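Undergrad: Here you go, one structure.
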Amino acid sequence: MRVLVYGGTFSPPHAGHVRSVQIAAEALRPDRIVLIPASVPPHKALARGTPPAEDRMEMTRLAARSVPGAEVSDRELRREGKSYTSDTLRALREEFPDAELVFLLGTDMLLTLPDWHEPKVICSLASIAVFSRETGREGQIAAGAEALRRDFGATVYVLSGAPVAVSSTELRALLPQRGGAELIPPEVYAYIIRKRLYGAKPDLTWLRKQAHAYLKPKRVPHVLGVEAEAVRLAERWGADPGDAAEAAICHDITKALDRDAQLRLCEKYAILLDDCERRSEKLLHARTGAAFARDLFGLSDAVTAAIRWHTTGRAGMTDLERITYLADYIEPNREGFDGLQELRAACYDDLDRAMELATRMSLCEVRDAGNAPHENTVRAHEYYRSLLRERGLAPVHAAGIDDEL
Ligand code: ATP
């Protein structure tokens, strides 16, 4: 019996780790594959912002799904104090007395192994398998392997295959810049974004793919249009274009759901509805969409609020909330209604005047359809109307729209 053992901080696990185990599994045909996230690695301090043990355990479990038969052990995470590889291998030797333990590591670890705690014990308890982290280090690996054989009587397997040159350190730097998605197993990446580990912000291409999957196909051009418009408005008004894009991409995420499904989400996320919202399906999706998208993608309070207020508006909206509300109104695919041209111009001229006009247009539309407006829209309109008065600005006159309500 052969047991492949792969230890690491796995913070986060990445494509290099997965490639490494896949290559080792193909070459060595182990009967068991055990990934062991380390608690406090003796040879390096845990980087600041390292997620709690449960998160590293869960990420490693998700990464292990890419390697058939791989399992994850929490034995080191459960252990108090430093986790020495020699202690782990002693414990595994007891568990598998007759097995060949094969300890898998990357180039960097191979070269430092002689300096670890009890290297001779490690090499007597387990064979060593090494997979290069990058091309062009064959000479160093051969020399390192030879040194282990010579000094510690180690059995060393040198594995070949195309490496993925990436490190967790690089990824921790890339994740807050919306990078790294393609170097992390998809389920691990989704987990990182959902919990916003490492200060991660979602790669917008990834987020689009995830969020658009919930839309009816005919709605996709609209959502893309809102995103483009929201980013332009954010740039115009000094808001964060990435936040604007996140809000826009997710703003209609529950729009395709019927009333029952919406109500189930309200129950799940403890959303209390008022009478008006209960009557109007159109208003529900802003409430459920905000909660659902936040749960899936770990959205910030600011982005969640922009989704939550994108249909009714409210008095005293943040810039991001106004940008999302207005982008939804004027995105390039919108056409053929009174006031649109004037509203488009106002959005790039003065956000307060744009909000006064947009809420006035919305209230006119609701009234003309014979419906009662939501009180948040009424208040939003009053708020922006009085703000214009305070600022000594006239409301925008738009053809076909009442100047006064
Ligand atoms: P950090 O950047 O935080 O030091 P890391 O990317 O080196 O992290 P670890 O979890 O510390 O990842 O590594 C666990 C094991 O995986 C080590 O044996 C390491 O050599 C190996 N390893 C890490 N990255 C790669 C890679 N890209 N290719 C092959 N092996 C790798």
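Undergrad: Could you list, ordered by first residue, the pairs with Cβ atoms under 8 Å in which the first is in region 379-390 and open to solvent by 40 Å² or more (accessible area, probe 1.4 Å) and the second is not in a helix (DSSP H, G or I), at least 6 apart or interchain?
TA: Arg379/Arg314; Arg379/Ala315; Glu382/Ala315; Tyr383/Ala315; Tyr383/Gly316
Undergrad: Scan (1) under 20 Å from His251 (Cβ atoms); (2) over 28 Å from the mean Cα position of the chain (by Cα) for the single condition Gly370 breaks and write down its number.
TA: (1)
Undergrad: Right, here's the next one. Does region 133-142 contain at least one residue that is in contact (Cβ under 8 Å) with a residue 12 or more places away in the chain, surrounded by 16 or more Cβ atoms within 10 Å (Cβ to Cβ) and under 28 Å from Ala53 (Cα atoms)?
TA: yes
Undergrad: Yes or no: Gly316 in contact (Cβ under 8 Å) with a residue 60 or more places away in the chain and more than 21 Å from Leu272 (Cα to Cα)?
TA: yes
Undergrad: Kindly indicate whether Leu92 is of a type outside the set (D, E, K, R) and more than 13 Å from the ligand (Cβ to nearest atom). It would help to see each step written out before you state the result.
TA: Numbers: of a type outside the set (D, E, K, R): yes; more than 13 Å from the ligand (Cβ to nearest atom): yes.
When the stated conditions are applied, Leu92 passes them.
Undergrad: If Gly179 satisfies all but one of (1) surrounded by 21 or more Cβ atoms within 10 Å (Cβ to Cβ); (2) over 30 Å from Ile128 (Cβ atoms); (3) within 16 Å of the ligand (Cβ to nearest atom), what's the number of the condition it fails?
TA: Looking at each condition in turn, Gly179 falls short on (1).
Undergrad: Can you go through Thr324, Thr359, Thr377, Thr318 and tell me which one is closer than 25 Å to Pro241 by Cβ, in contact with a Gly (Cβ under 6 Å, 6 or more places away or on another chain) and of a type outside the set (A, V, I, L, M)? Break it down stepwise before answering.
TA: Values: Thr324 fails: in contact with a Gly (Cβ under 6 Å, 6 or more places away or on another chain); Thr377 fails: closer than 25 Å to Pro241 by Cβ; Thr318 fails: in contact with a Gly (Cβ under 6 Å, 6 or more places away or on another chain).
Thr359 is the lone residue from the list that is closer than 25 Å to Pro241 by Cβ, in contact with a Gly (Cβ under 6 Å, 6 or more places away or on another chain) and of a type outside the set (A, V, I, L, M).
Undergrad: Further, regarding this structure: State the number of residues belonging to region 201-211 that are free of Cβ contacts under 8 Å to residues at least 60 places away in the same chain, open to solvent by less than 50 Å² (accessible area, probe 1.4 Å) and in a helix (DSSP H, G or I).
TA: Total meeting the criteria: 2.
Undergrad: Let me ask something else about it. Here is a check on your reading of the model: is Gly179 under 30 Å from Ala247 (Cα atoms) and either assigned to a loop (DSSP other than H, G, I, E, B) or of a type in the set (Val, Ile, Thr) (or both)?
TA: Values: under 30 Å from Ala247 (Cα atoms): yes; either assigned to a loop (DSSP other than H, G, I, E, B) or of a type in the set (Val, Ile, Thr) (or both): yes.
Yes: the conditions hold for Gly179.
Undergrad: Only one of Val188, Val121, Val130 is away from the ligand (no atom under 13 Å from the Cβ) and either open to solvent by less than 10 Å² (accessible area, probe 1.4 Å) or farther than 25 Å from Ser11 by Cβ (or both). Can you tell me which?
TA: Val121
Undergrad: I would also like to ask the following. Let me confirm something: among Leu257, Leu215, Leu204, Leu273, which residue is of a type outside the set (Asp, Glu) and within 14 Å of the chain's Cα centre (by Cα)? Lay out the reasoning, then the answer.
TA: Working: Leu257 fails: within 14 Å of the chain's Cα centre (by Cα); Leu215 fails: within 14 Å of the chain's Cα centre (by Cα); Leu273 fails: within 14 Å of the chain's Cα centre (by Cα).
Sole residue among the options that is of a type outside the set (Asp, Glu) and within 14 Å of the chain's Cα centre (by Cα): Leu204.
Undergrad: Restricting attention to region 142-157, does a residue exist that is of a type in the set (A, V, I, L, M, F, W, C), touching a Leu at 6+ places or on another chain (Cβ under 8 Å) and within 12 Å of the ligand (Cβ to nearest atom)?
TA: Taking region 142-157 first, the residues of a type in the set (A, V, I, L, M, F, W, C) are 142-143, 145, 147-148, 152, 154, 156.
If we keep only those that are touching a Leu at 6+ places or on another chain (Cβ under 8 Å) too, we end up with 145, 148, 154, 156.
If we keep only those that are within 12 Å of the ligand (Cβ to nearest atom) as well, we get none.
Checked against the condition, which is being of a type in the set (A, V, I, L, M, F, W, C), touching a Leu at 6+ places or on another chain (Cβ under 8 Å) and within 12 Å of the ligand (Cβ to nearest atom), region 142-157 yields no hits at all.
Undergrad: Also, I was wondering about something else. Which residues, counting only those in region 297-311, are open to solvent by less than 10 Å² (accessible area, probe 1.4 Å), within 19 Å of Asp274 (Cα to Cα) and not in a helix (DSSP H, G or I)?
TA: Within region 297-311, His310 is the sole residue that qualifies.
Undergrad: Within the group Tyr198, Tyr214, which residue is of a type in the set (Phe, Trp, Tyr), part of a helix (DSSP H, G or I) and buried (at least 18 other Cβ atoms within 10 Å of the Cβ)? If you could, list the steps in order and put the result at the bottom.
TA: Working: Tyr214 fails: part of a helix (DSSP H, G or I).
Just a single option satisfies the conditions, and that option is Tyr198.
Undergrad: What about Arg391, is it farther than 24 Å from Lys282 by Cα and under 37 Å from the mean Cα position of the chain (by Cα)? Steps first, answer last, please.
TA: Working: farther than 24 Å from Lys282 by Cα: yes; under 37 Å from the mean Cα position of the chain (by Cα): no.
In short, no.
Undergrad: If I filter region 223-242 down to residues being open to solvent by less than 40 Å² (accessible area, probe 1.4 Å) and farther than 17 Å from Cys347 by Cβ, which single residue comes out as farthest from the chain's Cα centre (by Cα)?
TA: Val223
The values are calculated or read from the model by the stated rules, or taken from the named source; none is laboratory data. Since we're looking at a predicted model, the values are computed, not measured. Positions of Cβ are backbone-derived with ideal geometry, glycine not excepted, and every protein chain shown enters the neighbour counts. Calculation scope for accessible area: heavy atoms of the full protein, side chains included, ligands and nucleic acids excluded. Shrake-Rupley method; radii C 1.70, N 1.55, O 1.52, S 1.80 Å.
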